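The values are calculated or read from the model by the stated rules, or taken from the named source; none is laboratory data. Given the structure is predicted, the values throughout are model-derived calculations rather than measurements. Here the Cβ positions follow ideal geometry from the backbone for every residue, glycine too, while neighbour counts run over all protein chains shown.
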Amino acid sequence: MRRSKIIVTVLLCSAGLFAWVLKQDLSDLSSMNDFEKSFESPQENEGTQKSMVNKLFKKVSGIFTGKKTASSLKKKGKDKKNEKKLAEKKKKKKKKKGKKKKKVTDDNDVNGDDLDPENRKEMARRTIGVYSKMAQYPLTSTPLDPKTKSDPLTKKYDNSNAGQGTVTTADGLTVRKWKDKMHFIASEEKVELFLEVKDRGEKAEAVIDAVVYDPNNNEVGKLAYNFDQVTGAYKAVFAPNIRDLVFGKYLVRIKAWRKNSRAGEGSAYLIESFSLQDRKSRFTKNVNVDLTKHGDLLVKANYEIYEEGDYILEGTLYNLMGEPVAWAEKPITLATGTKWIPLEFHGYIFYKNQYSGPFVLRHLSLNYVKKNLSIINAGLSFPYYKTPKWHWKQFNKNPYDNVIMKEKIRKLRLWLSDF
């Protein structure tokens, strides 16, 4: 039953659903990034900064554990009591505004939009144009624009800004944090975290107090930041006890102050985060490619599957100039063992755009889908597999019949005709 739920859901709304799934999987991370950015401007004083960190830490730990803090519950209770009063006030305001404003025509009130009718019509026409192009391909295989060099997989797994953040105190102590990536395989990868400390623009020695909390908001222990001669920064390595490990997102509450000052005086406060997970699969680096009888490009990627369940395989094809030309994904339920997983790039992508081979399978990613439909980030694999020299005329010359997109177009056209 669960297998059919996953497959049908993906096939019906693959692009939209999995954008949503990833958004849900990373929603707590984006919340964390928001509050981390709030520390980037100087604070009025140490007490204010510390208070902010404590409040935000409670908020974020609540996000991770799914628990509500006492203050949030109280606030919710108060909000409920005031709901009727607020609703009444809003009604009164609306009545006042209605008396002052001129009568608005139905055309100007469509969908509650502030845009004028002509702008909305133009927006609808543009949307129809975009949908018309999308309707030629399945939602699980779409062309990429070589000019923009935009690859959805490299965007998804971009670690260039992983957890960066800077705090500056009122008296000029600046602490910058960073790490090379966000997600770590617990049994294989070291979690390395870095801090750079400056006093009024100059590198300075500091005392750093760091405490680690697991996804259940339990204190795991202290984390030692030691000065690293190679990077010229303070470095901490988190090595968890694998037996007692809880998989998920971890928080590190950090307090740093000048080495020669009194303990805790003029401290800077930060929150660091990272994710620990177990390995669900491993790419064996074996790939086969072929053309189907319909002229679609079929990739078969070989994986060792360590846990039975639902997965999503994604891949991107590049031309020999290093430009992305096509993306595809395949939702699939897998048992444990060595498996060949099919990934099909619709042939009309190559026929329509007159793309001839060889192509390079640059990126692959096999992610595990949890029961709540969130995804465990497995990172990227780099097969760099070159396909044969197929000519564009050998590919599928028939556009895909994407009934989902066609129905969207039909509704938009109907809306335009009734506008």
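Of the listed requirements (1) touching a residue at least 60 places away in the same chain (Cβ under 8 Å); (2) under 30 Å from residue 406 (Cβ atoms), residue 129 misses just one: (1). Within the stretch 166-222, the set of residues being in a loop (DSSP other than H, G, I, E, B), touching a residue at least 40 places away in the same chain (Cβ under 8 Å) and small (Gly, Ala, Ser) comprises 170, 186, 187, 204. Restricting attention to the stretch 330-385 and to residues that are of a type in the set (Gly, Ala, Ser) and assigned to a loop (DSSP other than H, G, I, E, B), the residue that is farthest from residue 157 (Cα to Cα) turns out to be 356.
Residues that are modelled with pLDDT of 95 or more, under 25 Å from the mean Cα position of the chain (by Cα), within 30 Å of residue 248 (Cα to Cα) and charged (D, E, K, R) occur in the stretch 344-367; there is at least one. Only residues that are surrounded by 14 or more Cβ atoms within 10 Å (Cβ to Cβ), in contact (Cβ under 8 Å) with a residue 40 or more places away in the chain and more than 19 Å from residue 137 (Cβ to Cβ) were counted in the stretch 335-362, giving 3. Examine the stretch 112-132 for a residue that is in contact with a strand residue (DSSP E or B) (Cβ under 9 Å, 6 or more places away or on another chain) and of a type in the set (Lys, Arg), and state whether such a residue exists. Checked the stretch 112-132: no residue is in contact with a strand residue (DSSP E or B) (Cβ under 9 Å, 6 or more places away or on another chain) and of a type in the set (Lys, Arg).
Residue count for the stretch 400-419 satisfying the condition of being outside any helix (DSSP H, G or I) and within 31 Å of the chain's Cα centre (by Cα): 3.
For the stretch 210-234, taking the residues that are of a type in the set (D, E, K, R) and surrounded by fewer than 16 Cβ atoms within 10 Å (Cβ to Cβ), the one that is farthest from residue 170 (Cα to Cα) is identified as 219. Would you mind stating whether residue 330 is among the charged types (D, E, K, R) and at pLDDT below 95? Judged against the criteria, residue 330 is not a match.
Among residues of the stretch 261-284 being touching a residue at least 60 places away in the same chain (Cβ under 8 Å) and of a type in the set (Gly, Ala, Ser), the one that is surrounded by the most Cβ atoms within 10 Å (Cβ to Cβ) is 268.
Evaluate the stretch 262-271: report whether one residue or more is of a type in the set (Ser, Thr, Tyr) and modelled with pLDDT of 95 or more. There is no residue in the stretch 262-271 that is of a type in the set (Ser, Thr, Tyr) and modelled with pLDDT of 95 or more.
Counting only residues that are more than 20 Å from residue 291 (Cβ to Cβ) and touching a strand residue (DSSP E or B) at 6+ places or on another chain (Cβ under 9 Å), the stretch 319-367 holds 15 of them.
Using the structure shown, decide if residue 320 is surrounded by 22 or more Cβ atoms within 10 Å (Cβ to Cβ) and either aliphatic (A, V, I, L, M) or closer than 27 Å to residue 279 by Cβ (or both). Spell out how you get there, then give the answer.
Details: surrounded by 22 or more Cβ atoms within 10 Å (Cβ to Cβ): no; either aliphatic (A, V, I, L, M) or closer than 27 Å to residue 279 by Cβ (or both): yes.
In short, no.
Taken over the stretch 188-237, the criterion of being modelled with pLDDT of 90 or more, closer than 20 Å to residue 249 by Cβ and either in contact with a Gly (Cβ under 9 Å, 6 or more places away or on another chain) or of a type in the set (Lys, Arg) (or both) is satisfied by 193, 211, 212, 214, 215, 216, 217, 222.
For the stretch 235-254, a residue qualifies if it is closer than 27 Å to residue 169 by Cβ, of a type in the set (D, E, K, R) and without any contact (Cβ under 8 Å) to a residue 60 or more places away in the chain, and exactly one does: 235.
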